[in-house]
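For reference, the structure is listed below as structure tokens.
Bear in mind that the values in this text are calculations on the coordinates, not laboratory data. Small disclaimer: the values here were computed from a predicted structure and weren't measured. We place every Cβ from the backbone using ideal geometry, glycine too, and count neighbours over all the protein chains shown.
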């Protein structure tokens with residue numbers, strides 16, 4: 001643990017005089033991939049935390065909430081696990097101050113860092129302190145020190161891009177010589193123990209690769225290939241990484257083959273002995289974001305290692321993909337107009353009932369009837385943070401189920417409206433209405449009496465009937481009674497208003513149903529008017545949450561009170 005530095009801890013201005021509050025403070029520390037485990041110039045995670053703790057010790061108005069550390073995360077990327085978790089707590093109102101050792105630990109992208117310092121943090125009411133930069137957002141009044149912050153952010157950004165340029169230049173030079181292997185060796189190969197930067201065939205699983213290519217060349221579908229591999233218990237790429245000690249998570253010990261893995265393997269030139277670079281390139285200093293590069297941009301070193309499949313078979317498989325892609329493009333172009341007409345009626349309204357994440361709309365139909373478009377759980381699709389199981393539902397089936405629910409509501413509403421017309425002016429309605437009004441009148445009278453007595457207290461005090469202590473005691477009692485009666489009166493009036501609204505033509509639920517009762521199919525207007533949310537559960541079970549649920553429930557309870565729920569539902 002580094003020695004505490006009190007000199008640095010006194011450079012940032014104290015809490016402003018006009019602020020008399022305690023800040024829930026988060027300490028944030030970061031160490032990048034570049035200097036992780038190397039010479040860190042005093043910027044190790046431990047040193048950063050110690051530096052910040054020393055600063056907090058002398059400032060009681062800064063109360064430590066939690067320490068957040070991103071070890072091995074680049075400063076140019078703000079999508080860091082602990083930084084994201086800290087920001088979630090900031091948005092939840094649990095943290096209102098962030099403390100860092102210096103700005104470079106916070107971030108090196110000067111545009112995004114500036115966005116946080118100048119817009120996001122002020123909007124969220126968050127105080128930001130960088131100790132060595134002598135920066136406290138509570139004191140940014142246009143002084144020279146505060147004006148230097150954007151410049152320092154820019155310098156951090158330039159430093160990061162310079163490092164990026166040096167690293168990428170070095171990597172590319174090594175790649176051209178074949179002196180650089182991918183982070184994860186492709187399935188079917190292992191790193192050679194005899195040849196530096198070489199690959200050896202992994203005979204334990206190489207036959208699976210050969211079978212996959214042969215089956216594809218014979219016209220077997222990707223789904224059928226997966227079924228064949230799963231049937232014989234073929235080791236998957238994830239399982240093989242566990243067996244080789246590359247991965248250690250228990251969840252990867254029992255996995256199955258999926259079509260996406262098959263497609264990925266069938267397009268890799270590694271299996272004909274070629275080493276490929278630049279399939280998913282990115283470059284900070286060139287301003288290139290991570291993306292899938294087209295095949296013509298790949299950098300390929302031919303005959304780098306022993307092939308698993310021959311080049312003729314590989315090219316035959318690539319020709320099949322090219323033919324399929326061409327057919328797909330022609331069909332897609334022909335059906336473009338029909339597909340453009342397909343509207344996702346449940347956009348931002350459909351969720352997974354199991355994990356709560358939105359269902360993704362997958363538009364894959366090549367026909368106007370959109371029978372193959374479907375919803376899939378985003379909790380499963382997001383393979384980086386998979387939180388749910390593989391399930392979904394056809395778009396057409398969701399529409400059908402939701403429309404059936406709405407039609408049921410139309411029938412219930414028709415029964416309710418008929419009963420309402422029969423009950424209006426009836427003894428049952430009058431009894432409930434009179435009961436509500438009677439309670440209001442009674443409470444109003446009681447409130448008036450208490451008010452009169454409370455006013456008379458002062459006269460008795462002035463005339464000497466009551467002394468000061470007796471007056472204050474009696475007044476407090478009357479005040480409590482008046483407050484309690486006022487609350488009861490408000491509640492009674494609200495009940496009466498709800499009753500009147502439920503039995504009026506302005507009942508929002510009934511009004512909404514009237515607007516769609518003649519609808520013969522589901523459209524955007526019907527969904528917007530009636531549907532609050534749709535939940536799809538595993539097993540294709542659906543729950544529909546309707547708008548105006550409170551008005552519907554209130555009307556149901558009132559009618560039930562007057563004549564019984566069974567009679568209501570049966571009409």
TODO: Could you work out how far apart the two model spin labels at residue 112 and residue 196 are, taking each label as a point 7 Å from the Cα in the direction of the beta carbon, and quote it in nm?
DONE: 3.6
Open item on the list: Quick check for you: which residues of region 68-104 have the amide N under 17 Å from the point 7 Å beyond the Cα of residue 119 toward its beta carbon?
Closed with: 78-79
Task: Projected label distance in nm at residue 533 and residue 264, using a 7 Å step from Cα toward the beta-carbon - done: 3.2
- [ ] Taking the Cβ of each residue in 247, 257 as the centre, tally the other Cβ atoms inside 10 Å and list the residues starting with the fewest.
- [x] 247, 257
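Computed over the Cα atoms, what is the radius of gyration of region 189-323 divided by 2.2 N^0.38 Å, N being its residue count? Mind dumping the intermediate values first?
On the way: Rg = 16.1 Å, N = 135, 2.2 N^0.38 = 14.2 Å.
Expressed relative to 2.2 N^0.38 Å, the Cα Rg reads 1.13.
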- [ ] Return the FRET efficiency for the residue pair residue 322, residue 22: r is the Cβ-Cβ distance, R0 is 60 Å, and the value is rounded to the nearest 0.05.
- [x] 0.35
Open item on the list: Suppose R0 equals 51 Å. What FRET efficiency, 1/(1 + (r/R0)^6) with r the Cβ-Cβ distance, do residue 454 and residue 247 give to the nearest 0.05?
Closed with: 0.10
TODO: Express in nm, to one decimal, how much length is gained between residue 469 and residue 490 on full extension, taking 0.36 nm for each residue of separation and deducting their alpha carbon distance.
DONE: 4.4 nm
Open item on the list: Using 0.36 nm times the number of residues separating residue 390 and residue 302, minus their current alpha carbon distance, what extension gain do you get?
Closed with: 27.8 nm
- [ ] Please arrange 88, 310, 202 by counting, for each residue, the other beta carbons lying within 10 Å of its beta carbon, fewest first.
- [x] 88, 310, 202
Task: Burial ordering of 493, 30, fewest other beta-carbon atoms within 10 Å first - done: 493, 30
